[in-house]
Amino acid sequence: MRPETLKRYAGSVPRYTSYPTAPHFSDKIGAAEYGLWLAALPSAARLSLYLHIPYCDQLCWYCGCNTKATQQYEPVSNYVEHLVKEIELIGDAIGGKRIADHIHFGGGSPSILRPEHIRILGEKLRGVADFSEYAEFAVEVDPRTTAEDRIAAFAAAGVNRVSVGVQDFAPQVQMAINRMQSFEKTQSVIDGFRRHGVKSVNIDLVYGLPYQTRDSVEQTIEQVLKLEPDRVALFGYAHLPERLPHQRLIPEDHLPDAMDRFAQANRAANTLANAGYVRVGLDHFARPGDRLAGGEVRRNFQGYTTDDAGILIGFGASAIGRLPQGYVQNAVATGEYQRRIAAGELATQRGHAMSKDDDVRSLAIERLMCGLHFPERELLERFGESASDVVEEARLLLDSETDGLICADPDGDGFRVTEKGRLFVRSIASVFDSYLGAAKVRHSAGV
Ligand SMILES: C[S@@+](CC[C@H](N)C(=O)[O-])C[C@H]1O[C@@H](n2cnc3c(N)ncnc32)[C@H](O)[C@@H]1O
Ligand code: SF4
């Protein structure tokens, strides 16, 4: 890849964990609309449940998640009380139990929860939906502070997949991001989950952090391989200090440039591929036997998933939900979220009702992000005339100069992103984003 080509495609673009992306949600959709959407859920609807815990023991300077550090447990305890109330409110609004195929506790660090709160939240969710026999119940943990009693409580609540934050094992990098984490502690937490029967393990890594080099990223991956994760998520560091003040503590002078980021991502991908991992979409890797490596992959707010429930119910501050009619997002600030729940209201602050055009573009972007394919036939079959604009845009793109990042599909069904284009798939997807540029929104680097 030539530097000038890289520059052309490495501009800031969304991560496309949804379309439209969250910054384009508006207050036209609020609690009243969400209440109606929930009441209209078909009785056979299969659900995916997401519960957000916006607390950590300590703040990492690079963090882009909605969270805050707390030394006391009281705010967490108070928050859990509101979560319980919200689960009851939503259960009432749905009016009848459904089935859940996916449950995810994310954050922040859900591992901060005390065992009794893990148990209560699990039980409350089971009051809204029965967990199916094959349900995937995942939890994100910060291994630096995950105690044995938390591991036991998650396992007892039915968790069967754990996602462990690592980012990087090099001490100089860890110091610069305010996250000192030993290999031994990480290993003991993973071993603990496995001992308690939680067999599926994901590890999160980040490239593009201060002081990282191609060699140091490779060394971290060599260490990670010793932990034998089933999945690895490899994120490019999103540096947005204007929006996230704590990121101003990141030593910018030592951040790798676009060419280094690109080289780090490639080195990491090759190291994982040589170890037998299958690359999934933009930034996930899975062992050949893992569901993510085999089945149909979807994209949601947690990244790549096998979750095909279609209906996502979010609980907690900033949580996003997806229903057939559109998206909803809870109040982001915990204070506002708790105020609304305490008043007996749904905490929806913003959302988006999907138009036909949104549905077409949403599917096109999801297929590109997951399977690196623009599925012309599927779009025309599912949406008919409504897909014609998008299909025309794809044909125009294929006819233009794209530096070998895309090629015609061999069966004449739209186009495919080439291996060279994989790292730029967000930029390619952004061609079909009709909201991009509509508002002044800062996104992260394209690579
Ligand atoms: C909720 S955290 C994972 C669980 C736990 N809090 C931890 O850090 O160990 C989600 C993940 O998002 C990724 N992440 C956070 N901030 C990021 C940023 N600014 N750019 C890219 N990835 C980021 C990290 O890989 C992190 O592990
Ligand atoms: S990366 Fe994880 S542990 Fe660190 S501040 Fe963000 S959510 Fe908390």
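The values are calculated or read from the model by the stated rules, or taken from the named source; none is laboratory data. What you see is a predicted model; the values in this text were computed from it and never measured. For neighbour counting, all protein chains shown are included, and Cβ atoms are generated from backbone atoms with ideal geometry for every residue, glycine included.
Take residue 107 and decide whether it is under 24 Å from residue 156 (Cβ atoms) and within 12 Å of ligand 1 (Cβ to nearest atom). Step through it out loud before you land on a result.
Values: under 24 Å from residue 156 (Cβ atoms): yes; within 12 Å of ligand 1 (Cβ to nearest atom): yes.
Yes: the conditions hold for residue 107.
Can you pull out every residue in the range 120-172 that is small (Gly, Ala, Ser) and more than 16 Å from ligand 2 (Cβ to nearest atom)? Passing the criteria: 122, 127, 129, 132, 135, 152, 153, 155, 156, 157, 158, 170.
Inclusion of residue 368 among residues that are within 19 Å of residue 25 (Cβ to Cβ) and in contact (Cβ under 8 Å) with a residue 60 or more places away in the chain is not warranted. Among the residues of the range 230-242, those that are closer than 22 Å to residue 104 by Cα and within 13 Å of ligand 1 (Cβ to nearest atom) comprise 231, 232, 233, 234, 235.
Of the candidates 255, 292, the single residue that is hydrophobic (A, V, I, L, M, F, W, C) and over 24 Å from residue 418 (Cβ atoms) is 255.
Inspection of the range 245-256 identifies no residue that is within 23 Å of residue 164 (Cβ to Cβ), touching a strand residue (DSSP E or B) at 6+ places or on another chain (Cβ under 8 Å) and not aliphatic (A, V, I, L, M). Scanning the range 86-111 for residues that are in contact (Cβ under 8 Å) with a residue 40 or more places away in the chain, farther than 20 Å from residue 202 by Cβ and either surrounded by 15 or more Cβ atoms within 10 Å (Cβ to Cβ) or not assigned by TED's automatic domain parsing to the domain that holds residue 48 (or both) yields 86, 87, 89, 90, 93, 94, 98, 99. Would you say residue 53 is in contact with a helix residue (DSSP H, G or I) (Cβ under 6 Å, 6 or more places away or on another chain) and on the phi < 0 side of the Ramachandran plot? It is true that residue 53 is in contact with a helix residue (DSSP H, G or I) (Cβ under 6 Å, 6 or more places away or on another chain) and on the phi < 0 side of the Ramachandran plot. Among residues of the range 287-333 being in the same structural domain as residue 137 (by TED's automatic domain parsing) and of a type in the set (D, E, K, R), the one that is modelled with the highest pLDDT is 287.
Conditions (1) touching a Phe, Trp or Tyr at 6+ places or on another chain (Cβ under 6 Å); (2) under 30 Å from residue 316 (Cα atoms), marked per residue:
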site	(1), (2)
339	no, yes
351	yes, yes
360	yes, yes
365	yes, yes
370	no, yes
377	no, no
395	no, no
404	no, no
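The residue of the range 55-76 that is surrounded by the fewest Cβ atoms within 10 Å (Cβ to Cβ), among those that are hydroxyl-bearing (Ser, Thr, Tyr) and near ligand 1 (Cβ under 9 Å from one of its atoms), is 67. Here the condition is being away from ligand 2 (no atom under 16 Å from the Cβ), loosely packed, with under 14 Cβ neighbours inside 10 Å and modelled with pLDDT of 90 or more; of 28, 7, it holds for 28 alone. Determine if the range 313-322 includes at least one residue that is farther than 22 Å from residue 160 by Cα, in contact (Cβ under 8 Å) with a residue 24 or more places away in the chain and of a type in the set (Lys, Arg). There is at least one residue in the range 313-322 that is farther than 22 Å from residue 160 by Cα, in contact (Cβ under 8 Å) with a residue 24 or more places away in the chain and of a type in the set (Lys, Arg).
Residue pairs whose Cβ atoms lie under 9 Å apart, sitting 6 or more positions apart in sequence or on different chains, and linking a residue in the range 173-186 that is at positive phi to a partner that is hydroxyl-bearing (Ser, Thr, Tyr) and within 10 Å of ligand 2 (Cβ to nearest atom), are 178/62. Residues of the range 41-63 that are outside any strand (DSSP E or B) and more than 14 Å from ligand 2 (Cβ to nearest atom): 41, 42, 43, 44, 45. When residues in the range 273-286 are screened for being modelled with pLDDT of 90 or more and buried (at least 21 other Cβ atoms within 10 Å of the Cβ), 4 of them pass.
Considering only residues that are assigned to a helix (DSSP H, G or I) and among the aliphatic types (A, V, I, L, M), look in the range 83-113 and name the one that is nearest to ligand 2 (Cβ to nearest atom).
Ranking the candidates gives 112 first.
Filtering 76, 80 for residues that are in contact (Cβ under 8 Å) with a residue 24 or more places away in the chain, touching a Lys or Arg at 6+ places or on another chain (Cβ under 9 Å), of a type in the set (Val, Ile, Thr) and within 16 Å of ligand 2 (Cβ to nearest atom) leaves a single hit, 76. Residue count for the range 284-329 under the criterion of being in a loop (DSSP other than H, G, I, E, B) and among the aliphatic types (A, V, I, L, M): the result is 4. Please work out which residue is farthest from residue 265 (Cα to Cα), limiting yourself to the range 276-295 and to residues that are touching a residue at least 24 places away in the same chain (Cβ under 8 Å) and among the aliphatic types (A, V, I, L, M). In this case the residue turns out to be 292.
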